[in-house]
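Below: the structure, in structure tokens.
Where a number appears in this text, it was derived from the coordinates with a stated rule and is not lab data. Because the structure is predicted, anything quoted here is derived from the model rather than measured. Positions of Cβ are backbone-derived with ideal geometry, glycine not excepted, and every protein chain shown enters the neighbour counts.
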Amino acid sequence: MNARLPVYLDYAATTPVDPAVVAAMSACLTESGTFGNAASGHLYGTAAAACVRGAREQVAALIGAAADEIVFTSGATESNNLAILGCARANADRGRHLVSVRTEHKSVLDAGRHLEREGFAITWLTPEPSGVVAPAALAAALRPDTVLVSVMYANNETGVLQDIAALATVCRERGVAFHSDAAQAAGKVPVDVHALGVEFLSLTAHKLYGPKGVGALYVRRGARAALQALTYGGGQERGLRPGTLPTHQLAGFGVACEIARRELPAEAARLARFGERLWAGLAPLGGTHLNGAGAPRVPGILNVSFEAVEGESLVAGLTGIALSTGAACNSDSPEPSYVLRALGRDRQLAESSLRFSFGRFTHETDVDFAINAVRHEVARLRACYPGLPAGPGGDLPPGWAHEAAGGGARVVNGEGGGPHQDSWVRFQLLVAGDTVKDARFKAFGCPHTMDTAAWICGELSGRARATLISGKPQDWARARGVPVEKLGRLFAIEDALRACLAQWV
Ligand SMILES: *Cc1c(COP(=O)(O)O)cnc(C)c1O
């Protein structure tokens, strides 16, 4: 039984806070708790400072670091910005070149683009189709003026893991600092900053059952001088991140790391089983692609693309599960997932991708629920897919074939849009003389396209040739509540009807 709908399969976006974490946070808020300012010299302050110290040790322990190498921040976005902007600006007199990857999180891409406007040069590597960055490709991109390389540990869309140790070795040999965004790796796979050989590493609490709005940047001892702060103030966090420490956030982050460290081996095995179960349930659909299949991946993230299915319609039909998709409607950009595009997936496969991510509160029944929902929806949409050419009689309904064979009626087809466009619509009409006797449609498109095509198709029976096309796409949009910006999708419907008329002479 699923306790709550929709089933939450979006742990890579954020996790619920563990109840033990909530308890630790609550103890730092009220008059009877550890509410003091950790910078104050009195007992309230020293109690808060002790709490912060404990949290710092717990966070450090998760990644094999020393407590004094942890700089608390507001999350991985800030940590990434501090590492990238801070290192570039602090070393601008040594060199103004950085290397990163096209599949990084937006906070790395945007920090990098900002540096480019400041006059820095950045080489953006394209990973191999598996998602992996080859150490040789990184080595080839390094220049004498390279000051920083930033490569994420685990990708947030695909779960693909990079061989950080190998990449960092390339950098160490050339005297280049290395930063890794480990927001998706921490808590899912063991992270040891010494084994990885990184100077900087970003973490965030809300991807491992801690609260939102807190994270950390690991700064290797001796690498502090390689960073310039982004903000100025009271000198906290070695001057790298001044401001009163949010004791409750840090206490929660600390306990979250402690639990993650303790539960990692068993939890990773459990989530890996879920991933295998999900894939075993979806692969038999055929035309399914596991993104990043050729690479090592974190357990608990599975990204699958479906052939012959339109992304927005797929998501619209999956109201029972909460997950992320590569469809453009899922983001503020008109382009589908830049991560999957960088791995060479075409537009349709990037748009039709679903990212399933499991976590601590996922049950096997949730996985099975998702398998059934997706199987059902993909089959439903594919039944509507106009991908096969409409034969003169090949796939006609039995009644039609009979009527057409009798000579009294005939079948006309018309297509609009295309397989590489947003919409693709085909109508099939059974016509007798000047009248439509019956109509069918197939469509590949957004929910608006599907809905409008179905509505129009239902209205076609009984129409004469002269009135086959009633109204314009603008009128249909108004009648069906299609937003103006989606109006363009409906032109494929009009084109398909026109093509029918051309055959119906
Ligand atoms: C979530 C995430 C971030 C951003 O973390 P915030 O704490 O939300 O700022 C950065 N990088 C990756 C890989 C992420 O998954």
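Things worth noting here:
- On the beta carbon distance between residue 93 and residue 43, with R0 = 56 Å, the FRET formula returns roughly 0.75.
- Entry note, the chain: relative contact order of 15 percent, from Cα contacts under 8 Å with a spacing of 6+ residues.
- The residue 166 and residue 106 beta-carbon pair, evaluated with R₀ = 25 Å, returns a calculated FRET efficiency of approximately 0.45.
- In the chain, taking the dipole from charged Cβ atoms about the Cα centre, the farthest positive-side position among 481, 171, 294 is held by 171.
- Inter-part distance where the range 124-153 and the range 208-222 are each reduced to a Cα centre, Å: 24 Å
- Approximating the spin labels as points 7 Å out from Cα along Cα→Cβ, the residue 262-to-residue 31 distance works out to 3.3 nm.
- Shape call, the range 110-168: gyration tensor on alpha carbons, a/c limit 1.5: oblate
- Near residue 386, once Lys and Arg are set to +1 and Asp and Glu to -1 for all other residues with Cβ below 12 Å from its Cβ, the sum equals +1.
- Spin-label model distance (nm) - residue 401 vs residue 136, 7 Å beyond Cα toward Cβ: 5.6 nm
- Residue 143-residue 375 FRET efficiency (beta carbon distance; Förster radius 45 Å; 0.05 resolution): 0.35
- For the range 1-119, the dipole from Cβ point charges (+1 on Lys and Arg, -1 on Asp and Glu) about the Cα centre works out to 280 debye, to the nearest 20.
- Under a model in which nothing but the beta-carbon of Lys, Arg (+1) and Asp, Glu (-1) is charged, the range 396-443 shows a dipole of about 80 debye around its Cα centre.
- Student exercise, the range 32-93 dipole from Lys, Arg, Asp, Glu Cβ charges, in Debye to nearest 20: 140 debye
- Extension gain (nm, one decimal) between residue 238 and residue 5, 0.36 nm per residue minus Cα-Cα: 79.4 nm
- Local electrostatic count, residue 69, Cβ distance below 15 Å [Lys/Arg +1, Asp/Glu -1]: +2
- Of all DSSP beta bridges confined to the chain, the antiparallel ones make up roughly 70%.
- Across the chain, counting alpha-carbon atoms alone, Rg and Dmax equal 27.9, 99 Å.
- Listed residue pairs exceeding 26 Å between alpha carbons, taken from 442/486; 437/486; 207/486; 212/486: 437/486; 207/486; 212/486
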